[in-house]
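So the structure is just underneath, and the comments pick up after that.
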Amino acid sequence: MSGEHDDWVKRYLGVDPQSYSPDGPRAAQAAPLQDVALDQQTAGQEPARPDPKQSAEADEPDLLLDPEGNMDTKKGFTKTPEEVEKDVTDKFGKFIPKKQLDDHASKVTNFQDDATFQKELNARHPDLAKQGIDPKTVMGESFEGKIFINKDKADVGTAYHEQMHHYSSSKFNDKFGASKFHEGVTEYFTRQLYSGDRSGHYDTQEATAKAVAKKVGEDVLKKAYFEGDEDAMKKVSDALAGK
């Protein structure tokens, strides 16, 4: 990595250059734990979260844990899947291609009370405890193209984040998935919808996405993320590379 690139990463992105490559944070820092993706930084990493619509490993769970690791945390929300979808599409719909908009996120979103969520989670993944994951700390999951949210434990930001993934471009996810930059952009847009505390959810990648948006412009980042526009994605890649 060049000294010029190191200087740009430190000055513009505000992160350690040794943890950053031209395509984003090094994969080594984003290694999955037991092949399960955890949306938490308390594990000392920000692991891969494959898009269930696109991943060849579509049967692997994409779990979102309480960032505090506190199974007694109670947040909860009262919105319906349709209301969450409306919030997302009202904010970003003009950038989402019609074909993606017609594939309604609400149809694959399941908001469940704590008891139902725990019962079905354990039925889907009976070996979570053996993987070192306490099922009681899981707030949500994307699995086999469906979204499951514990509406008694999660905040509505988690629902926004997962539905945002549903509407994102597979081209963008394929290009930036290895670096987890797509997670940062998803979280960046999520925080534009949800004003509550989302600390612990891809903070480093979200800060990177914010810096890239400042450099290339919000509309360019949206065109890259939702449309998979090639020109917009090149501008994003160039920004990440310090060009």
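Within region 203-243, being out of contact with any Lys or Arg (no Cβ under 7 Å at 6 or more places or on another chain) and assigned to a loop (DSSP other than H, G, I, E, B) holds for GLY217, ALA241, GLY242, LYS243.
For (1) of a type in the set (Phe, Trp, Tyr); (2) at pLDDT below 90; (3) under 25 Å from LYS79 (Cα atoms); (4) in contact with an Asp or Glu (Cβ under 7 Å, 6 or more places away or on another chain), each residue gets a yes or a no:
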{"residue": "LYS175", "(1), (2), (3), (4)": "no, no, no, no"}
{"residue": "LYS180", "(1), (2), (3), (4)": "no, yes, no, yes"}
{"residue": "ALA207", "(1), (2), (3), (4)": "no, no, no, no"}
{"residue": "ALA211", "(1), (2), (3), (4)": "no, no, no, no"}
{"residue": "LYS214", "(1), (2), (3), (4)": "no, no, no, no"}
{"residue": "GLY217", "(1), (2), (3), (4)": "no, no, no, no"}
{"residue": "LEU221", "(1), (2), (3), (4)": "no, no, no, no"}
{"residue": "PHE226", "(1), (2), (3), (4)": "yes, no, yes, no"}
{"residue": "ASP229", "(1), (2), (3), (4)": "no, no, no, no"}
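Inside region 111-160, residues that are in contact with a helix residue (DSSP H, G or I) (Cβ under 9 Å, 6 or more places away or on another chain), basic (Lys, Arg) and over 24 Å from SER199 (Cα atoms) make up a count of 1.
The set of residues in region 173-202 that are in a helix (DSSP H, G or I) and over 13 Å from the mean Cα position of the chain (by Cα) comprises ASP174, LYS175, GLN192, LEU193. Candidates GLY184, GLY217: the one that is free of Cβ contacts under 8 Å to residues at least 24 places away in the same chain and under 26 Å from GLN100 (Cα atoms) is GLY217. Just checking, does region 190-205 include any residue being under 23 Å from GLY228 (Cβ atoms), of a type outside the set (Ser, Thr, Tyr), out of contact with any Pro (no Cβ under 6 Å at 6 or more places or on another chain) and at pLDDT below 95? For region 190-205, residues under 23 Å from GLY228 (Cβ atoms), of a type outside the set (Ser, Thr, Tyr), out of contact with any Pro (no Cβ under 6 Å at 6 or more places or on another chain) and at pLDDT below 95: present.
Within region 131-172, the residues that satisfy the criterion of being surrounded by fewer than 20 Cβ atoms within 10 Å (Cβ to Cβ) and basic (Lys, Arg) are LYS136, LYS146, LYS171. Considering region 223-234, the residues that are out of contact with any Phe, Trp or Tyr (no Cβ under 6 Å at 6 or more places or on another chain) and surrounded by fewer than 20 Cβ atoms within 10 Å (Cβ to Cβ) include one that is nearest to HIS166 (Cα to Cα), namely GLU227. Each residue in region 207-222 was checked for being buried (at least 22 other Cβ atoms within 10 Å of the Cβ) and among the charged types (D, E, K, R), and 0 pass.
For region 90-124, a residue qualifies if it is outside any helix (DSSP H, G or I) and within 21 Å of the chain's Cα centre (by Cα), and the qualifying residues are ILE96, PRO97, ASP103, HIS104, THR109, ASN110, PHE111, GLN112.
Within region 116-141, residues that are within 16 Å of ALA154 (Cα to Cα) sit with their Cβ atoms under 9 Å from residues that are among the β-branched types (Val, Ile, Thr) and surrounded by fewer than 20 Cβ atoms within 10 Å (Cβ to Cβ), at 6+ positions apart or across chains, in these pairs: THR137/THR73; MET139/THR73. When residues in region 126-168 are screened for being part of a strand (DSSP E or B) and of a type in the set (Lys, Arg), 1 of them pass.
The values are calculated or read from the model by the stated rules, or taken from the named source; none is laboratory data. Keep in mind the model is a prediction, meaning the values are calculated, not measured. Here Cβ is always computed from backbone atoms with ideal geometry, including for glycine, and neighbour counts include all displayed protein chains.
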